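In what follows, a structure is listed as structure tokens, so that the remarks can point back to it.
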Protein chains: 2
Amino acid sequence: MSYIIRPWATRDLKDVMRLIRECAKAHGALDQVRTTPEMLRDHGFGKESTFGCLVAELPSEQKSKSGHTIIGYQFHYLSYCTWDGHILFGEDLYVMPDFRGKGIGTSLLKKAAKVALEKGCSQFRFISASWNQPAMDFFTKLGALDVTFSSSWNLCHLDGDHVRKLAEKVGK
Amino acid sequence: MSYIIRPWATRDLKDVMRLIRECAKAHGALDQVRTTPEMLRDHGFGKESTFGCLVAELPSEQKSKSGHTIIGYQFHYLSYCTWDGHILFGEDLYVMPDFRGKGIGTSLLKKAAKVALEKGCSQFRFISASWNQPAMDFFTKLGALDVTFSSSWNLCHLDGDHVRKLAEKVGK
């Protein structure tokens, strides 16, 4: 099976958005997706863009059953660890179910690792759902360490309402 | 007790590095700190800087026992969630032990929330050690949600060796 891994282009925006929504649906969180292809275009292709995306693409004669050639993506941004310096943060990695087990996820991650090195990053950090055992096994096989499990680092969020409430109190 | 919260400047590099090391020591991870004041200067004050830092500063007549006026910091960078758009990622929040319980951590976070809004971020994401109950209680009080606990999101790392190993396999 042939496919290529390449950086996304504006022509991929609708496809990447479709896959972001598929991935969110698999996490039971489709209602939490507020991004749109237009937002991704404005934020991802402007001169101040802080993130990048890789896509897995089939040749046009090998389209998916649903008629698509973009069948996976890996989304990342440059971040900074006060202990290690620049690190690449992998936000999402997703391959359509019909195309799993063919090495496409690994190919996306290999290319992301190359991006990390090109950007001078000392490590690759990412988030994975601990209930998704196949994903966890896949990452472990590549040498990843679950630092929530090993070092008790938990991920926390302050949503928009709480951020606004906090910001309003500056000087009080 | 008077103090100000302000964005860091190059004159703060040594102080921030001192606090980064104090914070890492409190996590039993001093040996993992590879950053230097020079690295922070080159990465944090160049035109391609991707992160920022806020410092808590005492008036010079109220120095700490150890002779310092910079007694806390909050380190952050702009990141991107495929569901929410831009988010501010809080990498570290630290206040020297002698100055805790005086609202300095909250003041740092309030200012970070203001930075988040100014940068058009929909949320503030951060990592906290689950064994550090006082920190977890502090964040919960401000409205933060531990999404590792509530939604099983775990943080994972691929270290430099594994990133290089993966990158070398591109095309194989």
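Within the range B:47-59, residues that are more than 13 Å from every other protein chain (Cβ to nearest Cβ) sit with their Cβ atoms under 7 Å from residues that are open to solvent by 40 Å² or more (accessible area, probe 1.4 Å), at 6+ positions apart or across chains, in these pairs: B:A56/B:Y3; B:E57/B:Y3; B:E57/B:I4; B:L58/B:Y3; B:P59/B:S2. Tell me, please, whether a residue that is more than 7 Å from every other protein chain (Cβ to nearest Cβ), at pLDDT below 95 and open to solvent by 20 Å² or more (accessible area, probe 1.4 Å) can be found in the range B:87-94. No. Of the residues making up the range A:122-163, those that are in a helix (DSSP H, G or I) and within 7 Å of chain B (Cβ to nearest Cβ) are A:F139, A:V147, A:T148, A:F149, A:G160, A:H162, A:V163. Counting only strands (runs of 3 or more DSSP E) that sit completely within the range A:1-112, those holding 3 or more residues that are in contact with a helix residue (DSSP H, G or I) (Cβ under 6 Å, 6 or more places away or on another chain) correspond to A:51-57, A:70-81, A:85-95.
Restricting attention to the range B:111-121 and to residues that are over 16 Å from the mean Cα position of the chain (by Cα) and within 8 Å of chain A (Cβ to nearest Cβ), the residue that is nearest to A:G90 (Cα to Cα) turns out to be B:C121. Comparison of A:L145, A:L109 shows that the only residue that is out of contact with any Lys or Arg (no Cβ under 7 Å at 6 or more places or on another chain) and open to solvent by 20 Å² or more (accessible area, probe 1.4 Å) is A:L145. Being among the basic types (K, R) and either touching a residue at least 24 places away in the same chain (Cβ under 8 Å) or closer than 22 Å to B:L109 by Cβ (or both) is the requirement here; does B:R21 meet it? Yes, satisfied. Scanning the range B:70-82 for residues that are in contact (Cβ under 8 Å) with a residue 40 or more places away in the chain and either more than 17 Å from B:R6 (Cβ to Cβ) or away from every other protein chain (no Cβ under 11 Å) (or both) returns B:I70, B:I71, B:G72, B:L78, B:S79, B:C81. The lone criterion from (1) under 27 Å from A:L142 (Cβ atoms); (2) touching a strand residue (DSSP E or B) at 6+ places or on another chain (Cβ under 9 Å); (3) not basic (K, R) left unmet by A:H43 is number (1). The residues in the range A:56-86 that are within 16 Å of B:T35 (Cβ to Cβ) and within 14 Å of the chain's Cα centre (by Cα) can be counted, and the count is 2. In the range A:150-172, the qualifying residues are those that are farther than 20 Å from B:L145 by Cβ and surrounded by fewer than 16 Cβ atoms within 10 Å (Cβ to Cβ), and the one that is nearest to the chain's Cα centre (by Cα) is A:S150. Considering only residues in the range B:21-76 that are at pLDDT below 95 and among the aromatic types (F, W, Y), the one that is surrounded by the fewest Cβ atoms within 10 Å (Cβ to Cβ) turns out to be B:F45.
The values are calculated or read from the model by the stated rules, or taken from the named source; none is laboratory data. Treat the numbers as computed from the prediction; the structure is a model and nothing was measured. Using ideal geometry, Cβ is built from the backbone for each residue, glycine included, and neighbour counts are taken over all protein chains shown. Please note that ligands, DNA and RNA were not included when accessible areas were found on the heavy atoms of the full protein model with its side chains. Shrake-Rupley method; radii C 1.70, N 1.55, O 1.52, S 1.80 Å.
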